[in-house]
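Structure first, commentary second.
The values are calculated or read from the model by the stated rules, or taken from the named source; none is laboratory data. These numbers were taken from a predicted model, which means no experiment stands behind them. Note: ideal-geometry Cβ built from the backbone for every residue, glycine included; neighbour counts use all protein chains shown. Heavy atoms of the whole protein, side chains included, go into the accessibility calculation; ligands, DNA and RNA do not. Shrake-Rupley method; radii C 1.70, N 1.55, O 1.52, S 1.80 Å.
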Amino acid sequence: MDWLLDPDGTGGKLAVMLVAILLFVVVMGLILFLVDRPRRVPGWVVALAFAGPAVVMLAFGLLYPGLRTIRDSFYNRTGSAFVGLDNYVTAFTRDEFQIVLRNTAIWVIVVPLVSTLLGLIYAVVVDRSRFEKFAKTLIFMPMAISMVGAGIIWKFMYEYKPASQPQIGLFNQVLVWLGLEPQQFLLSAPANTFFLILVMIWIQAGFAMTILAAAIRAIPDDIVEAARLDGVGGMRMFRYITVPSIRPALVVVLTTIAIGTLKVFDIVRTMTGGRFETSVVANEFYTQALRQGEQGLGAALAVILFVLVIPIIVYNVRQLKQAEEIR
């Protein structure tokens, strides 16, 4: 079985691929055979045949790595000695990790709020306007760019050259045109964290706009007409009619962006590599586990990230259930 678990060379990898394909064909053939004979086979067997492979793969791909990560978080860097909560104490008390936690908190607070606010304003302003399709397409386009691609684009925009040289970065060129000195935007902490956050906001504002624009379109016309007959308009219409009507969509957008922000890795890794006090939890556990060989500390940071995500998911599920009950 060693050749199957640890294939050696191109031939071994090709053999593993053929075994996987053969296994897939056998499983699908068995499922189709069972479905074709519903009178002879109980329903639970058919359900097990369909769901069983997916459950097994999920357990192998998600459950086992998760449990293994939790286990590793209580061991030293090599996994040879049990150290209890030492890795967690280090993660919360060492100065550099406190900076990481501070940066993560800033990301989770700023990105969802600003992205949702910009998306909401944009959705309201361009709704039913003459150039609605073009305007929405323009702000949604960054969503089609990968995080790495966005990081590279903005890194060029922040690029710094001495004042005596031609500027490559857009922002520094604007500063030169205004008669100011070019700045190294990605080096000065803590402002550099906000320059990285701007990239995430640029990407997520399009997502927020799309969801909220659809929610605004779904507001019943009779509610809007009744409010107008009562003399409600302008900001009062927005505050008392639009926002309460799209509250479930706002919750979904905020929590979804917050979860994505907690896991942010690509932007930080691409633009600064986590240096200059810009690292976040997702980048730091990668650095500790895979770059510095601190398996236990990296696992502890991964568990912390997982724990931070859980309350947001629970809140999101509860809000969705309440919305369904109201309907």
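Quick rundown of the values:
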{"quantity": "Distant-in-sequence amide H partners of Tyr75 (H built 1.01 Å from N, under 5 Å)", "calculated": "Val83"}
{"quantity": "Per-residue SASA entry for Asp86, accessible area with 1.4 Å probe, Å² rounded to 10", "calculated": "90"}
{"quantity": "Karplus (6.51, -1.76, 1.60) ³J(HN,Hα), θ = phi - 60°, over the stretch 99-116, in Hz, Gly and Pro reported as x", "calculated": "5, 4, 5, 4, 4, 4, 5, 4, 4, 5, 7, 6, 4, x, 5, 5, 4, 5"}
{"quantity": "Probe 1.4 Å - accessible area at Arg71, Å² to nearest ten", "calculated": "90"}
{"quantity": "Solvent-accessible area of Thr69 with every protein chain in place, 1.4 Å probe, in Å² to the nearest 10", "calculated": "40"}
{"quantity": "Charge sum, other residues only, whose C-beta stays under 15 Å from Asn192's C-beta, Lys/Arg counted +1 and Asp/Glu -1", "calculated": "+2"}
{"quantity": "Global form of the stretch 172-327, assessed from the alpha-carbon gyration tensor, a/c cut-off 1.5", "calculated": "oblate"}
{"quantity": "Normalised contact order of the chain, rounded percent, pairs of Cα under 8 Å and 6 or more residues apart", "calculated": "24"}
{"quantity": "Answer label for volume of the Cα convex hull per residue in Å³ (calculated), chosen among (1) 171; (2) 158; (3) 258", "calculated": "(3)"}
